[in-house]
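Taken together, the values in this text are just the output of simple stated rules run on the coordinates, not laboratory data. It should be emphasised that the depicted structure is a prediction, and the values quoted were computed from it without experimental measurement. Backbone-built Cβ (ideal geometry, glycine too); neighbour counts: all protein chains shown.
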């Protein structure tokens, strides 16, 4: 394979296929991990809800309520069947099974490799004597299926394979078109140079312009050289000078391409920053915060490290907008964002959650540390003068991620703590571990 064109195409296809394949494999791995984590969280959630909600109805042997609780547990599609057994009976007292009719009370034969079975012991309710509560009064067997996970992974894999093929095809078309733009003028230059080196130089016509700046500079140099050769055909040094001029022009064209590529990289970096920055306040926007929250949660689940959230809301902000106008309100939000950035620690991430709400993500921080950060922020805001508005206050809700948490559950605790602070008189820091 002596052709430069074929080598470029082969190298390009190998590099793009390998790169796209690595990214596809990485995304598939992340998707599998995320689906498995959600599957485990669902198992824990269903088990906990059944254990808590069945204690009283099992103690009362209220079969209608027991069946209702089992039916509620079947809402997630991953739950395939739920059976309730009492200690003194071999068969299920109540059951729910997607594959069986509601009147069929015996367990079905299962040989499904992707199923996960969890047994949950039911103990008497809290009002029963403590010694009696240590003895199980029933057992719930729950069958979870990975079919949804496997289907999602298969669909994602097929989609990514198609993406790799489509992107490769599009990039190959672009490469072929680009190579054509380069090699067609080069072929004309090659034929002209061959004629120039032969005895036919005196009869050679000047090459036409291609209307592409980079090659037209080279063609102009070639035509200039040709005119000199026609004038003094015996002096070969003019041809050598023309070749040097052509090389210089090609190098200048290459330098221009490199400058354009550097400018394009800079523009792309600026666009990337704009997508994760709040246009008004200059801090991270909702997209940036969602990315950081997901990364911190994954890191916490992998390493067991802690992280905390500080959610704050500017008190009586609607009154500022109504009495001073939205432009003044925007200045207040900008001032609050600047205070948050200058007051928080270097490792903390500050962003605008929405409206007059801001979120501070505190990596490697427990609940007490996050409460301390929130207190400093509250004091900084309360002691600052915001132009014609004067002094304002803010209410804070603090929460720390726990084992088995999701982003939604951690934010929900911070939100509840914030509204407790609002309900307790504002300008307060409330927390929920």
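Summed over all non-identical Cα pairs, the Kirkwood treatment of the stretch 7-151 gives a radius of 17.8 Å. Listing 85, 396, 23 from fewest to most neighbouring C-beta atoms within 10 Å gives 23, 85, 396. Centre-to-centre, using Cα atoms only, the stretch 345-399 and the stretch 132-164 are separated by 39 Å. Let me make sure I get this right: for the stretch 370-412, a, b and c are the square roots of the gyration tensor eigenvalues over alpha carbons, sorted descending. Under 1.5 in a/c it's rounded, otherwise prolate if a/b > b/c, else oblate. Which is it? Prolate shape, in that a/c is at least 1.5 and a/b is the bigger ratio. Shape descriptor for the stretch 281-433: Rg over Rh equals 0.97 (Cα atoms; Rh from the Kirkwood inverse mean 1/r).
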